[in-house]
1. Pick from 44, 53, 37: which is buried (at least 23 other Cβ atoms within 10 Å of the Cβ), at negative phi and modelled with pLDDT of 95 or more?
2. Farther than 15 Å from residue 314 by Cβ, in a strand (DSSP E or B) and more than 24 Å from the chain's Cα centre (by Cα) - does that describe any residue in segment 238-253?
3. Kindly indicate whether any position in segment 34-42 is assigned to a helix (DSSP H, G or I) and over 13 Å from residue 133 (Cβ atoms).
4. Scan 12, 7, 21 and give me the residue that is out of contact with any helix residue (DSSP H, G or I) (no Cβ under 8 Å at 6 or more places or on another chain) and under 27 Å from residue 277 (Cα atoms).
5. Under 9 Å by Cβ, and 6 or more places apart or on different chains, what pairs join a residue from segment 133-149 that is more than 21 Å from residue 55 (Cα to Cα) and touching a residue at least 12 places away in the same chain (Cβ under 8 Å) with one that is part of a loop (DSSP other than H, G, I, E, B) and within 8 Å of ligand 1 (Cβ to nearest atom)?
6. Would you be able to tell me the number of residues in segment 33-55 that are out of contact with any strand residue (DSSP E or B) (no Cβ under 6 Å at 6 or more places or on another chain) and closer than 16 Å to residue 156 by Cα?
7. Would you check which residues across segment 59-69 are over 15 Å from residue 117 (Cβ atoms), near ligand 1 (Cβ under 10 Å from one of its atoms) and at pLDDT 95 or above and list them?
Ligand code: TXA
Ligand code: MG
């Protein structure tokens, strides 16, 4: 049997050159970012973008995030305004994705954003992906490196489990620092968070001195990609539980339920940042252990907890 991990490559000069070569030839590679691992392809190439949709089995209506090294490379593709620059200065590179108006002469392939008038853009803050972007003269479309609807990968082995040897290369960047996807903010209409993340509403609102709305993602779908069921381990989940039942997996937070059977603690010291980092790792582990059902305790709903609960609600959606 072929080793499923044989396409994981250490990041060194030779493999950097290999990665660049693949991307220039419109092949896909998996890359680490500070949030989750992504599946990267040339955003100016229809051929590469088609490969992303096909490999992920992603619905065509769900647009991709385009990743740039910095704002200088961006001005040909989207319209930039004052609010963008304020947020950029404060949070970028970092886990923040902007929805901006697409320019008419933008070279971003139309199938990347389902012919919308907007594009999602992000400036990742990870040394390795930054070095790759620096060597390219095109931006990269990078969705999370998982099959559509599933759990985002937070280390190279997760990516390998998703795609096996269908990928030529997975760059090893260790475990992602943040562990959940970037905050997505729409700057084209009323300012609105479409996907919560570790950069929260109050930080954004303070930076641009404006009111910031939050999409009720499970009620009304504002972002084309905000499909109700998402981030899913493929096992029924029940949230806000006080005790575990039978032999279900029990995802806990803090000291209260520790040392009981079948428990998986997101953070013993009740740290929401640590819980975010452990969330997908835990869901993937439970899935592998073949539990039939997952119960989850209530996770505090402020700051990063709001983003964790967003992912849990989607994962538990029927
Ligand atoms: O942290 C991240 O953002 C990761 C890493 C790899 O950078 N990427 C990521 O990409 O999470 P993806 O494709 O899994 O999620 C992109 C989200 C989807 O919910 C999509 O619908 C939304 O961004 N999106 C993309 N373009 C959009 C647009 N023009 N308008 C509204 N939402 C958009
Ligand atoms: Mg995703």
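1. 37
2. yes
3. So the first thing to find is which residues in segment 34-42 are assigned to a helix (DSSP H, G or I), and the list is none.
No: zero hits.
4. Only one candidate passes the filter, namely 12.
5. 133/124
6. The total comes to 3.
7. Hits for segment 59-69 are 64, 65, 67.
Yes or no, residue by residue, for (1) buried (at least 16 other Cβ atoms within 10 Å of the Cβ); (2) within 13 Å of ligand 1 (Cβ to nearest atom); (3) over 14 Å from the mean Cα position of the chain (by Cα):
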residue	(1), (2), (3)
130	yes, yes, yes
141	yes, yes, no
159	yes, yes, no
171	yes, yes, yes
175	no, no, no
183	yes, yes, no
187	yes, yes, yes
194	yes, yes, no
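The values are calculated or read from the model by the stated rules, or taken from the named source; none is laboratory data. Note that the structure is a prediction, hence the values are computed from the model and not measured. Positions of Cβ are backbone-derived with ideal geometry, glycine not excepted, and every protein chain shown enters the neighbour counts.
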